[in-house]
Amino acid sequence: PVYNRLHIYIGKATSCEAAGGISFYGVPSVCDYENTIATEYRNYKTEYGIGAKSETELINSKLVPINFTTKAFNYSSKGQPAAAQLLIESIQNWNNSTTRNKWLASKFPKGTGSVLAAFDIDVSDFEPSHEHECYLALKPVPESVGSYVLDLVIVNTDTNAFLNIKEENGAVSFRDLSRLVPPFGQEGLPSTNASNFGIFSIAQNT
């Protein structure tokens, strides 16, 4: 809650781990921006009892491994509105091991040790004091049969509502709760600029 935005990095771990060896790391966006990391670095250098860190060490110290669990997804698309059906079916695409592993293999051709992408999340979209479950999903690409885009579907467990769906004046649309980058600079949004994702530059140089 201290930070407005959170970056969730998705990397390839080992093939024997759950979900095809995917691992997740979270970092507050303020600790990932190239234009603010120097300020954070100075704060660490002057903080009592903490030795000076290099900028790389500082970013790594801010990365928090995110543990995830597998659980039964109990939502059925039967009788649901079209928007909810798409979200449910997209989650089921990820839960289908054949579909998931084929997609993972295409995205991680070099195997372990690579960073695929990051979710840029606006923390204010989450409702305070409510518990939320985040489900990975493979959303179909309409113009390319058999192609998928990684997505994050968020469910408010207090209301059983999909936060991704927005209803306004009888019209239903999807909310961008999490933006996947790259591509960078989406729709002119500063939060998706490449310079705001320092982990990518570190990963490319190591």
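The values are calculated or read from the model by the stated rules, or taken from the named source; none is laboratory data. Only a predicted model underlies this, so the values are computations on that prediction, with no experimental measurement involved. Neighbour counts run over all protein chains shown; Cβ positions are idealised from the backbone, glycine included. Surface accessibility is based on the protein's heavy atoms, side chains included, excluding ligands, DNA and RNA. Shrake-Rupley method; radii C 1.70, N 1.55, O 1.52, S 1.80 Å.
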Q) If residue 177 passes every condition in (1) in contact with an Asp or Glu (Cβ under 6 Å, 6 or more places away or on another chain); (2) in contact (Cβ under 8 Å) with a residue 60 or more places away in the chain but one, which one does it miss? A) (2)
Q) Taking segment 152-183 as the region of interest, how many residues are of a type in the set (Phe, Trp, Tyr) and modelled with pLDDT under 85? A) 1
Q: Give segment 158-194 a look and list any residue that's in a loop (DSSP other than H, G, I, E, B) and open to solvent by less than 50 Å² (accessible area, probe 1.4 Å), or say none.
A: 163, 164, 177, 185
Q | Number of the condition not met by residue 164 [criteria: (1) within 15 Å of residue 86 (Cβ to Cβ); (2) among the polar types (S, T, N, Q); (3) without any contact (Cβ under 8 Å) to a residue 60 or more places away in the chain] | A | (3)
